[in-house]
1. Which ³J(HN,Hα) values in Hz, rounded to whole numbers, follow from the phi angles of segment 274-280 under the Karplus curve 6.51 cos²θ - 1.76 cosθ + 1.60, where θ = phi - 60° and Gly and Pro get x?
2. For Rg/Rh (Cα atoms, Kirkwood Rh), the choices are (1) 1.06; (2) 0.97; (3) 0.94; which was calculated from the structure?
3. Which of the three applies to segment 60-171, rounded, prolate or oblate, going by the alpha-carbon gyration tensor with a ≥ b ≥ c and a/c under 1.5 meaning rounded?
4. When we measure straight from the Cα of residue 215, which aspartates and glutamates land under 16 angstrom away, once same-chain ones fewer than 8 places off are left out?
5. Could you compute the net charge surrounding residue 252? Neighbours are other residues with a C-beta less than 15 Å from the C-beta of residue 252; K and R count +1, D and E count -1.
6. Just check segment 142-289 against the gyration tensor rule for me: Cα atoms, a ≥ b ≥ c as the square roots of the eigenvalues, rounded for a/c under 1.5, and otherwise prolate or oblate depending on whether a/b exceeds b/c.
7. Just to check I understand the Karplus step: with θ = phi - 60° and J = 6.51 cos²θ - 1.76 cosθ + 1.60, what whole-Hz values come out for segment 191-202, glycine and proline as x?
8. Under a 10 Å cutoff between Cα atoms, tell me which one of 131, 62, 192 has the largest fluctuation in the Gaussian network model of the chain.
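Computed from the coordinates by the stated procedures, all read-outs in this text should not be read as laboratory data. Predicted, not measured: the structure shown is a model, and the values here were computed from it. For neighbour counting, all protein chains shown are included, and Cβ atoms are generated from backbone atoms with ideal geometry for every residue, glycine included.
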Amino acid sequence: MNAQLKINISYHHAWRAKQYALLLLRGTKEDSFTKLPAYFHNLVKNNLGTVTHIQTDGDDRFEFLYVALGCSVCTFVNFCKPTLVVDGAHLKCEFKGTMLLAVTKDGQNQILPVAYGICKNECTDSWTWFFQKIRDYIVNMEELTIISDKSPSIATSVANIFHHNHHGICGVHLYFDIVARYGKSKTVKGIFWEACRAYTVDGFDAAMDLMKKTKEPVSEYLQSINPETWSRVHFKGNRYSLMASNSAESINALSGHACKVLILMLIDFFRATMQQWWFQRRNFAGTKF
């Protein structure tokens, strides 16, 4: 019988040993930020078309970060519908910043991350900086459509940067607002989505009339929100049936674990993930021809 080695160690000492091991493996928060310029230099050098930016304040302290991988930029500009879904997610690492994300969908309806950024907090200044980089280095389309939640900072930033483009709000977020205000109802949910997805003005009006008869407060609430932002038929641009922002939220969910690590490891997680996706899709496409 093999003898089992027993080691008596306190939880405090075990936790400190774990933190020390992680420090040796990952480095410190300061190390992670210090290595960003060199990492970005090599990322751009070895990935054609990749765009990176780091913004610092007057004391040379980190403020914003922007990354758009060349493969994603090329695919979006040349082969995808002119739509971007944007969303923000709080980081859970020591930095406690926010990740900004812009995604689209390819011809196979698969999610394609186009650009991402990291900032201290989600506000009008950070979204404006992020959208400025997207406009300057990725797209300056007259027909671009941007979909997001009801965040005022996103709406203001889109208006500031994409003056002639179109901004719509996510139907799912709007419905959750209805639930928070007036409670759940399968009937109300069905009528709301009928109005949201209607292809004709008559269809939209019929759904809104039914909503008024079914639950007038919800009807009044929806009427207080510009239908150009949430209904397909009244939208001034083309949403291409993109009525929700869950594609961006799916990427946020995918990166949930990575959001807990240091900033350099988070960036490399996206680089590695995209590299794996492109490799798999290239091989899949190669088997079809």
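1. 5, 4, 5, 4, 5, 4, 5
2. (1)
3. prolate
4. Counting by Cα, and skipping residues close in sequence, residue 215 has these aspartates and glutamates nearby: 177, 194, 205.
5. -2
6. Note, shape of segment 142-289 comes out prolate.
7. So the J values, rounded to whole Hz, are 5, 4, 6, 4, 5, 5, 9, 4, 8, 10, 5, 4.
8. 62
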